[in-house]
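Everything on this sheet refers to the single structure shown next.
The values are calculated or read from the model by the stated rules, or taken from the named source; none is laboratory data. All figures in this text were calculated on a predicted structure; none of them were measured in a lab. Here the Cβ positions follow ideal geometry from the backbone for every residue, glycine too, while neighbour counts run over all protein chains shown.
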């Protein structure tokens, strides 16, 4: 599975679980010449000497630090060890080299301190929401919602709920709270992430439903010592969604 190292000139640059970085995307990001493509750069004498020294240092063969994925999808390209990627970035552009140094330094810091990575992630989310003109209250509710949803997903799946069961539960919650299922809500409110299209009141209600549902699932497991299947999940979520959804509508809260 690939993750995003960073975005440069609207081009995403990814790395693999083995920390191999996509050189092909790096070349595209700086709009490099054909003569600067990874395949050409790897033929340089200095590059070959660098690869040999790195292999000796790491005590690995070259196949472990540089590889190619063929095809036409986003994953295709030449992937290389982060030290090779930095050397390539330096070859392509001084400014790009500086940016890549910052990305990789940040990644190692996050690996050493996961809490710092979480803080950074939420800082970026908060900045994104502020740029949309959201109120502090809605931003707080949205951030809390991410935690509630993560806890709800983790609890339900640990107890035996399937992906389809989780999807059904989410549709049920959205239907009772907003009057629309997940697909309709995203289309009507023109959002990719369902909760980005919710009002502050809707966010608060859904957060409460999922937080209470997580507690009830845990309580059921402690009492019965049995796994929770999809039917059990719906039995827990359904009444909560109906009760909270009706309360929201009875208050005359505007939906939309």
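All conditions in (1) out of contact with any helix residue (DSSP H, G or I) (no Cβ under 7 Å at 6 or more places or on another chain); (2) within 30 Å of residue 84 (Cα to Cα); (3) modelled with pLDDT of 90 or more hold for residue 101, with the sole exception of (1).
Annotation note: of 152, 110, the sole residue that is under 30 Å from residue 214 (Cα atoms), modelled with pLDDT of 90 or more and either surrounded by 13 or more Cβ atoms within 10 Å (Cβ to Cβ) or not assigned by TED's automatic domain parsing to the domain that holds residue 235 (or both) is 152. Whenever a residue of segment 93-104 is free of Cβ contacts under 8 Å to residues at least 60 places away in the same chain, its partners that are surrounded by 18 or more Cβ atoms within 10 Å (Cβ to Cβ), lying with C-beta atoms within less than 6 angstrom and at least six residues away or across chains, give the pairs 97/89. Take the conditions without any contact (Cβ under 8 Å) to a residue 60 or more places away in the chain and surrounded by 15 or more Cβ atoms within 10 Å (Cβ to Cβ) and apply them to residue 83. Does it pass? Judged against the criteria, residue 83 is a match. Taking first residues from segment 119-139 that are in contact (Cβ under 8 Å) with a residue 60 or more places away in the chain and partners that are outside any helix (DSSP H, G or I) and surrounded by 10 or more Cβ atoms within 10 Å (Cβ to Cβ), the Cβ contacts under 9 Å between residues at least 6 apart in sequence or on separate chains come to 138/198; 138/199. The residues of segment 187-203 that are free of Cβ contacts under 8 Å to residues at least 40 places away in the same chain, in contact with a helix residue (DSSP H, G or I) (Cβ under 6 Å, 6 or more places away or on another chain) and in a helix (DSSP H, G or I), listed by number, are 194, 197. Before we move on, is residue 163 without any contact (Cβ under 8 Å) to a residue 60 or more places away in the chain and within 23 Å of residue 213 (Cα to Cα)? In short, yes. Would a scan of segment 28-44 turn up a residue that is touching a helix residue (DSSP H, G or I) at 6+ places or on another chain (Cβ under 8 Å), exposed (fewer than 13 other Cβ atoms within 10 Å of the Cβ) and at negative phi? Yes: one or more hits. Among the strands (runs of 3 or more DSSP E) confined to segment 1-45, the ones with at least 1 residues that are farther than 17 Å from residue 80 by Cα, in contact with a strand residue (DSSP E or B) (Cβ under 8 Å, 6 or more places away or on another chain) and at pLDDT below 95 are located at 3-8.
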